[in-house]
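A.B. asks: Following this message is one structure expressed as structure tokens.
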Amino acid sequence: MSAIELFQEHWRAATEIGVLWLLIYQIFRVFRSTRGARILIGLAVVVIVLTLASQLLELKVIEWIIKSAAAILAFGLLIIFQPELRNALARLGSTNLFSFSTRHQQEFLDALADAVVKLSNKRFGALFAIERNISLEDYESTGVTIDAQLSVELVTTIFHPKTALHDGGMILSQERVEAAGCIFPVSQKELSDRALGLRHRAGFGISEDTDAVAIVVSEETGAISILVDGKMLRDLSEADFRKKLEDIFLSHGQSSEEMVREELDVENGGSGSGDRDLVSD
């Protein structure tokens with residue numbers, strides 16, 4: 001059978017598989033950041049393993065139990081995970097799933113870089129956490145909801161030393177400021193540089209517990225640091241800082257973890273104060 005005949009015979013099946021794969025992948029991208037996503041994935045894995053085992057080993061009782069409980073389990077999951085499903089569906093409806101343009105991302109990163117550089121020049125201590133795949137909703141609840149477009153003026157106002165929210169962390173999600181004055185977990189690492197304060201430790205903590213990218217501006221020196229996967233790039237110049245943001249969020253050729261490993265000034269260590277509240281460094 002020639003390639004043309006093979007294509008003519010199976011193009012509909014290939015099209016259906018492609019469309020279904022694209023839809024499932026896009027839905028997974030939205031649902032994977034919810035708090036119940038890991039539980040749902042774990043349950044799905046258990047059900048699949050038991051089903052395969054019951055069929056391969058002819059375990060009739062287990063197979064009957066799985067089939068009988070499938071409808072009840074599905075209904076129960078809808079009730080148990082109703083908040084997560086509602087939030088995920090809301091995000092699904094508000095997200096442009098098929099847009100591959102990076103223009104809005106670039107504008108967001110430029111505004112963020114401008115704000116961070118201004119904070120650095122003014123010696124305003126600051127801590128940011130940029131949400132990626134793992135939701136930061138639990139940390140948002142520890143601060144004050146902002147839900148505003150990112151701007152230099154808003155950021156410098158929040159982190160001004162005279163404001164009530166300047167000691168906490170700011171959470172950025174979907175290219176917006178979601179919350180400020182948030183409390184992040186403090187890393188248990190013992191840092192090699194004792195001069196690093198709790199703001200840096202909180203940056204380590206949030207980058208270790210989640211896949212968020214943390215940005216810290218030192219109150220004493222104005223130095224800018226980026227923390228990814230529990231590793232830190234310190235004392236970045238304005239040009240280097242902007243480049244690293246683009247490497248992490250706009251570059252698809254190299255992962256952020258690989259980018260971090262290539263840098264010379266990586267911090268490692270091990271103990272500290274795990275649950276202390278975030279304070280100024």
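The values are calculated or read from the model by the stated rules, or taken from the named source; none is laboratory data. Model, not experiment: these values are computed from the prediction. No Cβ is skipped: glycine too gets one built from the backbone with ideal geometry, and neighbour counts run over all protein chains shown.
A.B. asks: Is it the case that I215 is under 22 Å from S120 (Cβ atoms) and in the same structural domain as A115 (by TED's automatic domain parsing)?
C.D. replies: When the stated conditions are applied, I215 passes them.
A.B. asks: For I183, work out the one condition from (1) free of Cβ contacts under 8 Å to residues at least 60 places away in the same chain; (2) surrounded by fewer than 21 Cβ atoms within 10 Å (Cβ to Cβ); (3) of a type in the set (A, V, I, L, M); (4) more than 21 Å from F108 (Cβ to Cβ) it doesn't fulfil.
C.D. replies: Against the list (1) free of Cβ contacts under 8 Å to residues at least 60 places away in the same chain; (2) surrounded by fewer than 21 Cβ atoms within 10 Å (Cβ to Cβ); (3) of a type in the set (A, V, I, L, M); (4) more than 21 Å from F108 (Cβ to Cβ), I183 comes up short only on (1).
A.B. asks: Now for a different question. Considering only residues that are modelled with pLDDT under 80, in a loop (DSSP other than H, G, I, E, B) and touching a Leu at 6+ places or on another chain (Cβ under 9 Å), which ones fall in the stretch 34-67?
C.D. replies: Selection gives T34, G36.
A.B. asks: On to the next question. On the basis of being among the polar types (S, T, N, Q), crowded, with 17+ Cβ neighbours inside 10 Å, out of contact with any Cys (no Cβ under 9 Å at 6 or more places or on another chain) and over 19 Å from S225 (Cβ atoms), does S135 make the cut?
C.D. replies: yes
A.B. asks: Could you please find all residues in the stretch 107-124 being within 19 Å of A212 (Cα to Cα) and in contact with a strand residue (DSSP E or B) (Cβ under 9 Å, 6 or more places away or on another chain)?
C.D. replies: Passing the criteria: F108, A111, L112, A115, V116.
A.B. asks: Are any residues in the stretch 1-33 closer than 27 Å to E140 by Cβ, outside any loop (DSSP other than H, G, I, E, B) and modelled with pLDDT under 75, and if so, which ones?
C.D. replies: The answer is Q26, I27, F28, R29, V30, F31.
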